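Just so it is clear, none of the values below were taken in a lab; they were calculated from the coordinates. Note that the coordinates shown come from a computational prediction; the quantities given were computed from them, not determined experimentally. Using ideal geometry, Cβ is built from the backbone for each residue, glycine included, and neighbour counts are taken over all protein chains shown.
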Amino acid sequence: MEKKPFLKHWAKLRVNQKLAPKAVRYTHEGSTYAEDGVRITGSKAFVDSVLSRLKDLLRFESDETRLQVVYKKSVDRGSGKTLASYNCYVQVHARGGGLAKKKAKKKEKNKK
């Protein structure tokens, strides 16, 4: 999308829409680039200010899903030197294995 239509689209978005990321499935292998996620780059102050507006994502750290997070200083790919800027990635992943199923079953049993 070109810049002008993008800005128009962005301006028309309803404020405070419900965050409903699709969790990366437990058995997923390989890159998660095409999956729902958030990438924030820049100064620590900027990254933190954006994160402060995304606190709704914290509820996805649960028995059924977990947050896959990275928050670190950026590294120049060419020289390998650490930069002053930061990068942060947040994705929701499905929990797998027996523990998640056991907890979900217990939760369902307690509702009865």
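Can you tell me the length gained on complete extension of the stretch Leu57 to Val15, counting 0.36 nm per residue apart and subtracting the Cα distance?
Working it through step by step, the gained length comes to 13.5 nm.
Of the listed values (i) 31, 21, 14; (ii) 18, 17, 13; (iii) 28, 18, 14, grab the one calculated as semi-axes √(5λ) of the Cα gyration tensor in Å from the structure here.
Entry (i).
Set the Förster radius R0 to 22 Å, insert the Cβ-Cβ distance between Leu83 and Thr32 as r into 1/(1 + (r/R0)^6), and round the FRET efficiency to 0.05.
With R0 = 22 Å, the Cβ-Cβ based efficiency is 0.40.
Given the pairs Lys44/Lys81; Lys18/Lys73; Lys22/Lys73, which are separated by over 21 angstrom at their Cα positions?
Violating the 21 Å limit, Cα to Cα: Lys18/Lys73; Lys22/Lys73.
What ranking, highest mean first, results for peptides 68-75, 27-34 when packing means the other Cβ atoms within 10 Å averaged over each residue?
By packing density, highest mean first, the sequence is 68-75, 27-34.
Full extension from Ser43 to Glu64: what is 0.36 nm times the residue separation minus their Cα-Cα distance, to one decimal in nm?
Full extension from Ser43 to Glu64 adds 4.3 nm.
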